[in-house]
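Read the figures in this text as sums done on the coordinates, not as results from a lab. Keep in mind it's a predicted model, so treat the numbers as computed, not measured. Methodologically, a virtual Cβ is constructed for each residue, glycine included, from the backbone with ideal geometry; neighbour enumeration extends over all protein chains shown.
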Amino acid sequence: MNATDSLESALADLEALRASGRSALAQAQDSAALEAARVEHLGLKQGRLKTAQERLKSLEPAARRDYGRAFNEVKAELEQALEDARNRLAHATVQVEPVDVTLPGIRPRIGRLHPLTLTMTELKNIFGRLGFSVAQGPEVEDVWHNFEALNIPESHPARDPLDNFYLAAGAGIGQRAMLRSQTSTVQIRVMEKQPPPVRVIAIGRVYRPDTVDATHSFMFHQIEGLMVERGATMADLKSVLSLFAQAYLGTEVKIRFRPSFFPFTEPSVEVDMLWHGKARWVEMGGAGMVDPNVLRAVGYDPEEVSGFAFGLGVERLCMRRYGIDDIRLFYQNDVGFLRQF
Ligand code: PHE
């Protein structure tokens, strides 16, 4: 080695060491590679930094000061690069670490049945115990089942197109199609298909162009009951509805019939219920003895058999049961509300 090393070449070597050290430390992909890069550049015995430090002695005393400053800078920089590389690898290790089974899990959000679904299931169960089976009918109906067979003549105001949702002609239904405005349509469909005796309920959606408010909706659910056999009377109707009301709403509930009119029952009544501790009777639906015209329309003989029918609002029952004061809550998919059931 020259007795007088040149400052220029020493600084150039230092620069090369800086570049080599930085890239080796930054590129190390695992702790073995990092250790090799550390030993090569920062190793205390034979590392390149150590060698560069010793070179100080071979420089002219006047050059030592500049060299020393540059050396300290490179040393600090490589030490920092080593620490950065260690942090980077430690972090990467955490990411590939296996699952810590002692951590608390992510609780899955468990779904539940909609209150109306719960209610309809319960209604089916209660009427099942009373001997009623479940019948089904379409929500898209024809005019025959929604009106004609139910003794609702062309001139009846219930036929008003503004009071019903009609579907455009050619919807594949043949006749003019509409969304059913009551589940009484299913009475007709059942009786068309089978001879008496009949003892069925039908539950489902019905559609009316009502303005939506706390107690009205353009779509809601009804439960319809129909019993036709030899000698069925209004007393049977009242017993069935009382038994039902007590089973669903509690033994303290009372029911009352109020004279009314429906084209398909004669006589017809409104069904009111009174809850224990409440002062006001609440109307829950309509009922009556099946009109002889309806029995004739489906080919039954009104001299042979008689029957009763009733229709109750599912939402109303559910609202009474749980103390819900706004029908719109059923349709808004508010999880905070639905979670309570
Ligand atoms: N369908 C009637 C309504 O929607 C209720 C009803 C059903 C009345 C059965 C009598 C018999 O208002």
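When the criteria are applied in full, ALA16 meets the requirement of being loosely packed, with under 15 Cβ neighbours inside 10 Å, free of Cβ contacts under 8 Å to residues at least 60 places away in the same chain and part of a helix (DSSP H, G or I). Considering only residues that are not in a strand (DSSP E or B) and not acidic (Asp, Glu), look in the stretch 196-214 and name the one that is nearest to the ligand (Cβ to nearest atom). Here the residue is ARG208.
For SER155, state whether it is closer than 19 Å to VAL294 by Cα and small (Gly, Ala, Ser). Spelling it out, SER155 is indeed closer than 19 Å to VAL294 by Cα and small (Gly, Ala, Ser). When MET191, MET273, MET219 are screened for being more than 17 Å from GLY131 (Cβ to Cβ), under 32 Å from the mean Cα position of the chain (by Cα) and not charged (D, E, K, R), only MET219 passes.
Only residues that are under 21 Å from GLY231 (Cβ atoms), charged (D, E, K, R) and within 16 Å of the ligand (Cβ to nearest atom) were counted across the stretch 268-313, and they come to 1. Considering only the stretch 243-301, give the strands (runs of 3 or more DSSP E) lying wholly within it that have at least 1 residues that are touching a His at 6+ places or on another chain (Cβ under 9 Å). Correct list: 254-262.
Screening the stretch 248-267 for residues that are of a type in the set (Phe, Trp, Tyr) and within 9 Å of the ligand (Cβ to nearest atom) and picking the one that is farthest from SER184 (Cα to Cα) gives PHE262. In this structure, does ILE255 turn out to be of a type in the set (Val, Ile, Thr) and either buried (at least 20 other Cβ atoms within 10 Å of the Cβ) or under 35 Å from the mean Cα position of the chain (by Cα) (or both)? Judged against the criteria, ILE255 is not a match.
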